[in-house]
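Reviewing the structure listed below.
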Amino acid sequence: MTADAFAQWLDDTQSSGRARSNSECARLLGVARDTVERWRAGGCDQRTALACAALLAGLAPYQTTEGPQA
């Protein structure tokens, strides 16, 4: 994901009401705010781009419905 695309994701996430700030976007991604600022300046990897798409789509973290294996 390019830096421009990540910056657009930050804007879109805030415009959609899913977050109010870059700090909240960082919390949603499970990273520090300085990491978000680094990605805003230099882009991020495919894994993070997929997480961004999932968050903007309102998806919850993946969970299985099965209990612990014995």
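Numerical summary
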{"quantity": "Estimated inter-spin distance, Asp4 and Leu59, nm [label 7 Å along Cα→Cβ]", "calculated": "2.6"}
{"quantity": "Helix 33-42 vs. the chain, principal-axis angle (Cα, 0 to 90°, nearest 10)", "calculated": "60"}
{"quantity": "Angle between the chain longest axis and helix 46-56 axis [Cα atoms, degrees, rounded to 10]", "calculated": "80"}
{"quantity": "Rounded, prolate or oblate (a/c below 1.5 giving rounded, otherwise prolate when a/b exceeds b/c) for region 3-56 by Cα gyration tensor", "calculated": "rounded"}
{"quantity": "Cα-centre dipole for the chain with unit charges at Cβ (Lys and Arg positive, Asp and Glu negative), debye to 20", "calculated": "140"}
{"quantity": "For the chain, with +1 on Lys and Arg beta carbons and -1 on Asp and Glu, the positive-most of Thr64, Ser21, Cys44 along the dipole", "calculated": "Ser21"}
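Each value in this text was obtained by applying a stated rule to the coordinates, not by laboratory testing. Fair warning: this is a prediction, and the values are worked out from it, not measured in the lab. Using ideal geometry, Cβ is built from the backbone for each residue, glycine included, and neighbour counts are taken over all protein chains shown.
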